[in-house]
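The values are calculated or read from the model by the stated rules, or taken from the named source; none is laboratory data. Everything numeric in this text was worked out from a predicted model, so none of it was measured. Because the Cβ atoms are built from the backbone with ideal geometry, glycine has one as well, and the counts that use them run over all protein chains shown. These area figures cover heavy atoms from the full protein model, side chains too; ligands, DNA and RNA do not enter into them. Shrake-Rupley method; radii C 1.70, N 1.55, O 1.52, S 1.80 Å.
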Amino acid sequence: MRVRIANAPVSYGIYRPDHPLPPDRLLAAFRDHGYRGTDSGPIGYLGEGKALARRLARHGLSLAGGWADLRYGAEPAAFAADLRALDRALDAFTAVPVDDALFAPRPTLACPADPERFAAPGMPFGPDRLPSDRPDGPGRPGRSDQEWGDFAADVQRAADRCRERGLEPVFHPHLGTAVETPEETRRLLSRTDVSLCLDTGHWWLAGGDPVAAVAEFGPRIRQVHLKDADRAVHERVRRAGGDLWSVVAAGGFPALGEGDIDLPAVLAALRAADYGGWLVVEQDAPPHDQDPGRSPGHEQGRDADMDMDQGRIAAQQKANSALLRSLLRDPPPVAPHRTPPEPLRQERPHS
């Protein structure tokens, strides 16, 4: 098994390109914590074209891939617009030099949020509710064969578009979207040749077992997002009527080793399957968005809270790297010569 470890902006609650955390400080933190790469986050946050390549080189990091959600099976005009957005992502990915084809950026194909599923994500797990592996989950209407065919055909078109640019795409089953469950994933993979991004946390909360998934899909897995998850937290939030953001905010995705995922068993399964590629550590954090409507006093207090939150996240990501490297017996890379880092904190515009 030949792997490199990356992290992702989502671990810091970054979901939009104009996020106030300076990207160079984020990448410096990843580098200092021993990661060798990063996910792109929202396209534009880390820059694009030569600016992106220079920024990554400055921090000694590679690009592991990035997210692109498309409205598969939708009206042709909507899907065509999403393909243009995919092209922008592919332009960014292909602008970054690659030293080993095994670690080229993986375009991560996924679906946009589905409002009904986002409101009640994943499978219910409780003493009176057993997990279901029905195609669309308990109480959810199933797609017809024709709808599955249209959906899969569009996924295949997106995958082919990535390959035309020299990149191998992976599809990411994700809570709150049209493809959540293991059975839905099987249906999609049986109708396409797209590779799979196995997200251990989302797979677990959708009713799957990531160790069994590695055994089942084997070489079809071309990207791994390592994420811990807590079904007890997830179930409590679901019972209270919380949505996916509520699951994230309540700690449904804790630091590695603090949830239900058997990380050593996952790594052993990947080793047995001779997996090669990126291991992207993700610990989904709530979005930290600027609120311009607050008064200066409130904003100052909010800055202090966010600084504390960023410090907590940084400590967790450092611990995630150390735990994963100890299990892999992988020493951290030698960091390039640099000036001392500035504190990792949010920047706010002046009043």
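Data table
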{"item": "All positions within the range 175-231 that are out of contact with any helix residue (DSSP H, G or I) (no Cβ under 8 Å at 6 or more places or on another chain), assigned to a helix (DSSP H, G or I) and of a type in the set (Ser, Thr, Tyr)", "result": "THR185, SER190"}
{"item": "Subset tally (residues that are touching a helix residue (DSSP H, G or I) at 6+ places or on another chain (Cβ under 8 Å), open to solvent by 10 Å² or more (accessible area, probe 1.4 Å) and under 20 Å from ALA68 (Cα atoms)) for the range 16-39", "result": "3"}
{"item": "In the range 97-109, the residues that are open to solvent by 40 Å² or more (accessible area, probe 1.4 Å) and either touching a helix residue (DSSP H, G or I) at 6+ places or on another chain (Cβ under 8 Å) or outside any helix (DSSP H, G or I) (or both)", "result": "PRO97, VAL98, ASP99"}
{"item": "Complete set of residues in the range 189-210 that are surrounded by 21 or more Cβ atoms within 10 Å (Cβ to Cβ), among the hydrophobic types (A, V, I, L, M, F, W, C) and over 17 Å from the mean Cα position of the chain (by Cα)", "result": "VAL194"}
{"item": "Selected residue (criterion: most open to solvent (accessible area, probe 1.4 Å)) from residues of the range 227-239 that are of a type outside the set (Asp, Glu) and modelled with pLDDT of 95 or more", "result": "ARG236"}
{"item": "Residues satisfying the stated conditions in the range 63-84, i.e. in contact with a helix residue (DSSP H, G or I) (Cβ under 7 Å, 6 or more places away or on another chain), closer than 27 Å to PHE30 by Cα and surrounded by fewer than 22 Cβ atoms within 10 Å (Cβ to Cβ)", "result": "none"}
{"item": "Odd one out for TRP148 among (1) farther than 25 Å from SER11 by Cβ; (2) assigned to a helix (DSSP H, G or I); (3) open to solvent by 10 Å² or more (accessible area, probe 1.4 Å)", "result": "(3)"}
{"item": "Unique match (being part of a loop (DSSP other than H, G, I, E, B) and modelled with pLDDT of 95 or more) among PRO141, PRO112, PRO135, PRO131", "result": "PRO112"}
{"item": "Which listed residue, of GLY293, GLY311, GLY252, GLY277, is part of a loop (DSSP other than H, G, I, E, B), of a type in the set (Gly, Ala, Ser) and at pLDDT 60 or above", "result": "GLY252"}
{"item": "Some residue of the range 85-96 being farther than 24 Å from PRO22 by Cα, surrounded by 17 or more Cβ atoms within 10 Å (Cβ to Cβ), aromatic (Phe, Trp, Tyr) and touching a residue at least 40 places away in the same chain (Cβ under 8 Å)", "result": "no"}
